[in-house]
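Report on the following structure.
The values are calculated or read from the model by the stated rules, or taken from the named source; none is laboratory data. This is a predicted model, so every value here is computed, not measured. We place every Cβ from the backbone using ideal geometry, glycine too, and count neighbours over all the protein chains shown.
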Amino acid sequence: MNIIKFDFNEMVTLQGNQVMTTSLKVAKYFGRKHKTILRAIRNLNCSKKFNERNFVPVNYIDEKGEAREMYNLTKDGCIFLIMGFTGEKAAQIKEAYIDAFNWMAEQLHSMQNSYLKQHNDLMLEYMKEKDVASMSGRLLRRWGKEKKPELAHRMQKLQEQSQIQLLI
C-alpha cells in the first residue's frame, strides 16, 4: 500500500465518534483558496441526503474578527470532495484510497476462500462418513438377512454331522 506523508492530526479531528475535517483545512492542505473549496462543495453532484449527512455549513471568525462561512466535512464527505480534485496531493490520496480498497477486497477474498475451503473440507468429510454409514447399514442388513442365517444353518449341519452316533 502507498503511504502518504500526511499529518492527519492537522487535517482531521474526532468529534464524538465521527472523524471530521473542515473546508479550511482542505483548502490549506491542497494549497487552494477557501472560496474555491466552498464553490466545489456547493457544486457537488451528490444526493441531498448525502450532502446533509457529510457537509455541515458552519461559521467561523476570521483574523479580522468577521464571521465567515465554512463546512465541517465527514470522512466520507472529504473523500467525495477530494475525488473531484486534480494535482499530486489529490492523486496520492486517490491512490491510497484505491490501495486501501484493494487491500480490503483481498482480505475479504482471502477470508471467503478460507471459508470456502473449510466448507468443502467439511462437505467431503460429511460425504465420506455418510458413505461409511450407508455401507455399514447395507452390510448389517446383508448380515441379518443372508449371511447370519446361512452361516448358522451351516454350523448346525456341521454340528449334527460331527456328533458320533452310537449304535445301541
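From ARG141, ARG154, ARG68, grab the single residue that is of a type in the set (Lys, Arg), within 17 Å of THR21 (Cα to Cα) and out of contact with any Leu (no Cβ under 6 Å at 6 or more places or on another chain).
Just one listed residue meets the conditions, ARG68.
Looking at the range 90-107, can you tell me whether even one residue there is closer than 30 Å to ASN43 by Cβ and of a type in the set (Phe, Trp, Tyr)?
Looking through the range 90-107, at least one residue is closer than 30 Å to ASN43 by Cβ and of a type in the set (Phe, Trp, Tyr).
If I ask for residues that are more than 27 Å from the chain's Cα centre (by Cα) and within 28 Å of ALA100 (Cβ to Cβ), which ones from the range 49-83 would you list?
GLU52, PHE55, VAL56, MET70, TYR71, ASN72 - these are the residues of the range 49-83 that are more than 27 Å from the chain's Cα centre (by Cα) and within 28 Å of ALA100 (Cβ to Cβ).
Can you find a residue in the range 66-77 that is within 18 Å of VAL12 (Cα to Cα) and out of contact with any strand residue (DSSP E or B) (no Cβ under 9 Å at 6 or more places or on another chain)?
Yes, that holds for at least one residue.
On the basis of being at pLDDT below 85 and not in a loop (DSSP other than H, G, I, E, B), does ILE79 make the cut?
It is false that ILE79 is at pLDDT below 85 and not in a loop (DSSP other than H, G, I, E, B).
Is it true that MET104 is surrounded by 10 or more Cβ atoms within 10 Å (Cβ to Cβ) and at pLDDT below 90?
For MET104, the condition - surrounded by 10 or more Cβ atoms within 10 Å (Cβ to Cβ) and at pLDDT below 90 - is met.
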